[in-house]
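*Asks:* Before we start, here is the structure in question, set down as structure tokens.
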Amino acid sequence: MTAFDPQNFYYATTPPPPAHAPLSGETRADVCIVGGGISGLSAALHLAERGFSVALLEAEHLGFGGSGRSGGQTIFGYASGQEKLEKLVGKADARLMWDIALEGMELQRELIARHSIACDYVAGHMHVGVKARHDAELRAEVESLHEDYDYRSVRLIGRDELRTLVPSERYTSAIHDSNSGHLQPYKFTLGLAAAMARAGARIFENSRVTKLELADRADADSLVHTASGTVRARHVLIAGNALLGRLVPELARKLMAVGTYIAATEVLGEERARALITNNAAVADINWVLDYFRRSADHRLLFGGRVSYSGIDPFDSARVLRARIQRVFPQLADARIEYAWGGYVDITPNRAPHFGRLAPNAYFLQGFSGHGMVLSVIAGSLVAEAMGATAERFDVFARIPHRDFPGGTYFRRPALVLAMLWFRLKDLV
Ligand SMILES: Cc1cc2nc3c(=O)[nH]c(=O)nc-3n(C[C@H](O)[C@H](O)[C@H](O)COP(=O)(O)OP(=O)(O)OC[C@H]3O[C@@H](n4cnc5c(N)ncnc54)[C@H](O)[C@@H]3O)c2cc1C
């Protein structure tokens, strides 16, 4: 997979971070981490703070994956929803996972404050409905969050109030959550990297892992190879997620890398941008193939939508997203698109995260299914906990049953396209 996006707004407008040399020769570390996104960096930071020596290998540059491309919406809970989790693992484990997800939101804010990460964090998020039947769904969700989970930061917003917040004819009602929010994901990623480097962890960029030799005993070392070097480590974390490819076939079978795209308008000016989302919340509709948008700190509209299940992108995403923006905000007909980029979201069939072990000391994290901005942060700290020998909270996720995507390694993409077309049809009725 290659980069889609010389036009990534975040890369273009964030001060360039320090570059890190590729791995060369053999080195030793307590922990080797594969992947320089938020999952890998959060784990590295928490491990370094616990006194582990850490070597992190990134195939391209830090934030090359979803962490440097994302819509930046920091959303409560899991993409699967709690009801689905309860069916998969039972009420008690689903409750434990819920508490962990909420702790993730606290942890994210705490890391931003503690490490002074300037990433434009803003509180407030709205899930919006686009048709009458969504009103009942949103109402039921708020009731369940209040009654079953005592989650009081959410409230239902009716059409009239919603119009004052998002002046669009498209939306019928919303759930507002004051505990969710949005941030600039690449700045957050780089902020974590700077904190982990200060804590003593080592970073190697342009260091794609090509081969793993994982020890089958807890008291032996594993070997992690790149084209130009090897890390010998007691513990390994695989955090390559949607870009891991076929390095670990058993992980590839459980995950689909779904292409999604974002456009940034030109700078609209403060007044015009404010008028689009007056409370400055992040907004996502509740369709399967969803539109998601927010204001940027420099007063643009960042608008995401349009997925590609075939995994290839050669289409004019700026033009397509411009049309989607105008469906929501016809008042932006004259606004130029200045940046448009894409990336791969990490989706599991049941949309619950996929965490576990490949060997006694080899962990993996993937499949946040559109909630990775928060969950990857807490997932990294759970791995640090597990490697520090308190694995109880990590292991609750290993109990989620995950099926393979149908079609084996080579034929699962056509099968997924069909499955997703089904969900797309459900959006239309
Ligand atoms: C366009 C887009 C919009 C999104 N919007 C949202 C959103 O609004 N809210 C939300 O919660 N989530 C969103 N997501 C998903 C979210 O970005 C991801 O779930 C999250 O960033 C995953 O972080 P990660 O660290 O697990 O993986 P990544 O950030 O993908 O990092 C994995 C890293 O591993 C590296 N790697 C892969 N293979 C190897 C290898 N063999 N050797 C070494 N390195 C390797 C990759 O180069 C990459 O840098 C979005 C994703 C995209 C693409």
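*Asks:* Taking only the range 175-229 into account, find how many residues are open to solvent by 20 Å² or more (accessible area, probe 1.4 Å), more than 13 Å from the ligand (Cβ to nearest atom), under 15 Å from Arg28 (Cα atoms) and assigned to a strand (DSSP E or B).
*Replies:* 3
*Asks:* Quick check: anything in the range 235-258 more than 19 Å from the chain's Cα centre (by Cα) and part of a strand (DSSP E or B)?
*Replies:* Yes - at least one qualifying residue is present in the range 235-258.
*Asks:* Turning to a different aspect of this structure: Closer than 18 Å to Ser168 by Cα and buried (at least 19 other Cβ atoms within 10 Å of the Cβ) - does that describe any residue in the range 259-266?
*Replies:* Scanning the range 259-266 turns up at least one residue that is closer than 18 Å to Ser168 by Cα and buried (at least 19 other Cβ atoms within 10 Å of the Cβ).
*Asks:* Here is a check on your reading of the model: is Asp99 under 23 Å from Ala398 (Cα atoms) and open to solvent by less than 60 Å² (accessible area, probe 1.4 Å)?
*Replies:* no
*Asks:* Considering the range 361-405 alone, what residues qualify as being in a helix (DSSP H, G or I) and touching a His at 6+ places or on another chain (Cβ under 7 Å)?
*Replies:* Those that are in a helix (DSSP H, G or I) and touching a His at 6+ places or on another chain (Cβ under 7 Å): Gly380, Ser381, Ala384, Met387.
*Asks:* Taking the criterion of being within 14 Å of the ligand (Cβ to nearest atom), aliphatic (A, V, I, L, M) and without any contact (Cβ under 8 Å) to a residue 40 or more places away in the chain, would at least one residue in the range 277-294 satisfy it?
*Replies:* Scanning the range 277-294, I find at least one residue that is within 14 Å of the ligand (Cβ to nearest atom), aliphatic (A, V, I, L, M) and without any contact (Cβ under 8 Å) to a residue 40 or more places away in the chain, so the answer is yes.
*Asks:* Looking at (1) more than 16 Å from the chain's Cα centre (by Cα); (2) within 14 Å of the ligand (Cβ to nearest atom), which one does Tyr344 not meet, given that it meets all the others?
*Replies:* Result: Tyr344 fails condition (1) only.
*Asks:* Also: Would you confirm whether or not the range 309-320 contains a residue that is at pLDDT 90 or above and either of a type outside the set (Phe, Trp, Tyr) or open to solvent by 10 Å² or more (accessible area, probe 1.4 Å) (or both)?
*Replies:* Looking for residues that are at pLDDT 90 or above and either of a type outside the set (Phe, Trp, Tyr) or open to solvent by 10 Å² or more (accessible area, probe 1.4 Å) (or both), one finds none in the range 309-320, hence no.
*Asks:* Restricting to the range 358-381, give me the number of residues that are within 8 Å of the ligand (Cβ to nearest atom) and open to solvent by 10 Å² or more (accessible area, probe 1.4 Å).
*Replies:* 4
*Asks:* Moving to a separate point now. Test of understanding: among Phe76, Phe52, Phe64, which residue is surrounded by fewer than 24 Cβ atoms within 10 Å (Cβ to Cβ), in contact (Cβ under 8 Å) with a residue 24 or more places away in the chain and within 22 Å of Leu244 (Cα to Cα)?
*Replies:* Phe64
Here is a yes/no grid of residues against (1) buried (at least 17 other Cβ atoms within 10 Å of the Cβ); (2) modelled with pLDDT of 95 or more; (3) in contact with a Lys or Arg (Cβ under 8 Å, 6 or more places away or on another chain); (4) not small (Gly, Ala, Ser):
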{"position": "Arg28", "(1), (2), (3), (4)": "no, yes, yes, yes"}
{"position": "Gly37", "(1), (2), (3), (4)": "yes, yes, no, no"}
{"position": "His46", "(1), (2), (3), (4)": "yes, yes, no, yes"}
{"position": "Ala94", "(1), (2), (3), (4)": "yes, yes, no, no"}
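*Asks:* Using the structure shown, decide if Ala59 is in contact (Cβ under 8 Å) with a residue 12 or more places away in the chain and out of contact with any Ser or Thr (no Cβ under 6 Å at 6 or more places or on another chain).
*Replies:* It is true that Ala59 is in contact (Cβ under 8 Å) with a residue 12 or more places away in the chain and out of contact with any Ser or Thr (no Cβ under 6 Å at 6 or more places or on another chain).
*Asks:* If you don't mind, there's one more thing I want to ask. Suppose the filter is open to solvent by 30 Å² or more (accessible area, probe 1.4 Å), part of a loop (DSSP other than H, G, I, E, B) and without any contact (Cβ under 8 Å) to a residue 60 or more places away in the chain; does Pro15 pass it?
*Replies:* yes
*Asks:* So if I check each of Val154, Val89, Val122, Val142, which one is aliphatic (A, V, I, L, M) and out of contact with any strand residue (DSSP E or B) (no Cβ under 8 Å at 6 or more places or on another chain)?
*Replies:* None of the others qualify; the one that does is Val89.
*Asks:* In the range 267-289, what residues are buried (at least 18 other Cβ atoms within 10 Å of the Cβ) and of a type in the set (D, E, K, R)?
*Replies:* Result: Asp285, single match.
The values are calculated or read from the model by the stated rules, or taken from the named source; none is laboratory data. As the structure is a prediction and not an experimental result, all values here were calculated from the model. Note: ideal-geometry Cβ built from the backbone for every residue, glycine included; neighbour counts use all protein chains shown. With ligands, DNA and RNA removed, areas are computed over all heavy atoms of the protein, side chains included. Shrake-Rupley method; radii C 1.70, N 1.55, O 1.52, S 1.80 Å.
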